[in-house]
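The values are calculated or read from the model by the stated rules, or taken from the named source; none is laboratory data. Predicted model, so just to flag it, every value in this text is computed and none were measured. Ideal geometry is used to build each Cβ from the backbone, glycine not excepted, and the neighbour counts take in all protein chains shown. With ligands, DNA and RNA removed, areas are computed over all heavy atoms of the protein, side chains included. Shrake-Rupley method; radii C 1.70, N 1.55, O 1.52, S 1.80 Å.
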Amino acid sequence: MVGTQVFDGERLRLARVAKGFTLDELGSRVSATRQYLNQLEQGTKLPTEEMIQALAAALGVTVRFFTLSARGGVSAEQCHFRKQRTTPVSVVSQVLARGTLLDGFVDRLDRALELPKVSFPDIPVTSTADIEDAAEQAREQWMLGTGPISNMMRVVENAGAVVSFFGGVSERVDALSIDRPRPMIIRSEAKPAACRLRFDLAHECGHLVMHKGIVTGDKVTEDQANRFASAFLLPRSAFIHEFPRSRMLNWNAIFEMKLRWKVSASAILRRAYDLKMLSADQYRTGYIHLSKTGQRKFERYDDVIVAEEPELLPSAMAALEQAYPGAVRRIAADAGFEDDMFESIAGLGLPEGSGPDSTNVVSIIRN
Amino acid sequence: MAKIYPWEYHQDLTEERLKIVAAMLVDGRHAALERYDEEAGDNGWTHGCRAFQFCRHRVLQAVDSGELVWLTAIDRTLQLIFKIGDVPVRIYKGDAEEPTDRTLRQSFGELRQLEILFPEHDEGRDLAYRFAVETDIDGSVLAVKFVGLRGESAVLIWDVPLDGVPAFAGSVGRAATESVELAPPSVGLRTDDDIAEGSASA
């Protein structure tokens, strides 16, 4: 039982915003007015035991969730996503709230498991040359050579980032990263095209490398992250060596490059333009060609290149579950999540079954 | 004591002058690389011709500009013999240590100039002075060496410092390395005892 004395209104707000509910929407689910819920969140009123249970059920959290001390939440400058400044405040808040909750879960996992050491270099940039250097330095640090990146997901996960999926978040936020002690990269689309996902991951990687402590989301920082992604996936020197040089665009060669480097033809054109290998006219012509042939959203060979899947979070949960059956559920419960809340922040379901009777198990969670 | 530096062979061959000429050669070769168009029919032969001519053009342009008073031309034909101060010099592409027959060939004008310039028994007299431009497999310039050739062997090789000379930023680049296969992210259980102890109350 939760005593009303320990109910934390901020935790209620966090869960509500993470679920994307307005005060009115939550009110209609628990038969309460928005004013009353607002007072609960402000801490000027305390809920009854029944109301706490109703709120927990409506929000997909345990009753215990409301009593947990609020660990430092994710702040706006730690969160990098496109068009942050033009994204509705409600969406931004939802992302920050889910990020905070996921961070809490990941932190618990981190204490129970040895996860890859976080190794994103911190390289502030100002010029385009700086960005090219940053991409080269990152490749060098992670010993990737100058060839095609075989698996971008593994690059960021081996560098210590957790990659997850936030279902039901506005499509305006296609991918974002959160700069925490263990960085998180979040997608809002479950299965984007493989090349698109790789580029998004490289883009977020760019934010984590170049924009530590910087508020992003404006055109300058977004362009920088795009340039980083481009330079990271298609290193300058190798690209110059391979890009077909001719007066007319050689589409066959461009699509061969796409298959080899697993980067979209449109990103290849852009890289060639950025490196002054294509004139503005040639670039425009290429872009129009892709558009006219219906390849702006779905390009040739998008169905051939296999999409990369996150492995770190699933393997961490599997390793924990194997060593201590029921442990993942216990960690989720410790963080105060019911199944659906867990799924909405981790993009994964909790393992089936409750495992051994928890009263007989020594928890590995260090509080 | 053996001579090591070009200016020890002749005072006109100063470091600064050699660097200026080397920069012209690098620029000429890289400008040619930028125009390389395989699809249009370029190959090693056309590129070699263009690269040599671009270098020749830069040297002659500098001669004609009159800005470098120490730089003059003896032979403006495709053989190109120019002078740094009074020393006749030619250029070739290839390894400094392995000159070819063509590289070794000396024209009458060049030999005559050397005879005038060096005393009869001076060891610099029977040397052929050359800039050797060494390139990477993709054609970008790796090094420019100032070479003194006696017979078939290079007795003077001085690597001209290219600091301040822009690296090639054109359209050839370098072949990518092999793609690196990455292992899945590693996950292990923490073994320190304090985890279990610290959480026993949870």
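Each of A:248, B:147, A:316 was placed along the dipole of the protein assembly as shown (beta-carbon charges, centred on the mean Cα), and the one lying farthest toward the positive end is A:248. Among A:21, A:166, A:228, the largest mean-square fluctuation in a Gaussian network model of chain A (Cα springs under 10 Å) belongs to A:21. Is the range A:84-146 rounded, prolate or oblate when judged by the Cα gyration tensor, a ≥ b ≥ c being the square roots of its eigenvalues, rounded requiring a/c under 1.5 and prolate requiring a/b larger than b/c? Here the range A:84-146 falls in the oblate category. Specify which residue in the list A:92, A:109, A:138 is farthest towards the positive end of the charge dipole of the range A:92-148, using unit charges on the beta carbon of Lys, Arg (+1) and Asp, Glu (-1), about the Cα centre. Of the options given, the answer is A:109.
The aspartates and glutamates within cross-link reach of residue A:276, meaning a Cα-to-Cα straight distance under 16 Å and a gap of 8 or more places when in the same chain, are A:132, A:242, B:34, B:37. Counted by Cβ distance under 13 Å from residue B:11, the other residues give a net charge of -4, where Lys and Arg count +1 and Asp and Glu count -1.
A P(r) calculated from all alpha carbon pairs of the protein assembly as shown, with 10 Å bins opening at zero, reads 3, 14, 19, 17, 14, 11, 8, 6, 4, 2, 0, 0 percent. Rounded, prolate or oblate: which fits the range A:103-209, taking a ≥ b ≥ c as square roots of the Cα gyration tensor eigenvalues, rounded meaning a/c under 1.5, else prolate when a/b beats b/c? Oblate, because a/c is 1.5 or more while a/b does not exceed b/c.
Beyond 32 Å between alpha-carbons counts as too far, so tell me which of A:45/A:117; A:258/B:145; A:19/A:212; A:19/A:292 fall in that bin. Result: A:45/A:117; A:258/B:145; A:19/A:292 exceed 32 Å.
Modelled spin labels at residue B:60 and residue B:4, positioned 7 Å past Cα toward Cβ, are 3.8 nm from each other.
Remark: the residue B:191-residue B:37 segment gains 49.4 nm on full extension, using 0.36 nm per residue and subtracting the alpha carbon distance. A 1.4 Å probe, protein heavy atoms only, puts the accessible area of residue B:57 near 90 Å². Residues of chain A were split at every exposed loop site, defined as GluC sites (Glu not before Pro) in a DSSP loop with at most 11 other C-beta atoms within 10 angstrom, and the longest piece left, sites excluded, is A:172-351. How far is the Cα center of the range B:43-84 from the Cα center of the range A:79-131, in Å? Rounded to whole Å, the Cα centres lie 57 Å apart.
A crude spin-label estimate for the pair residue A:260 and residue A:343, with each label 7 Å from Cα along the Cβ direction, gives 4.4 nm.
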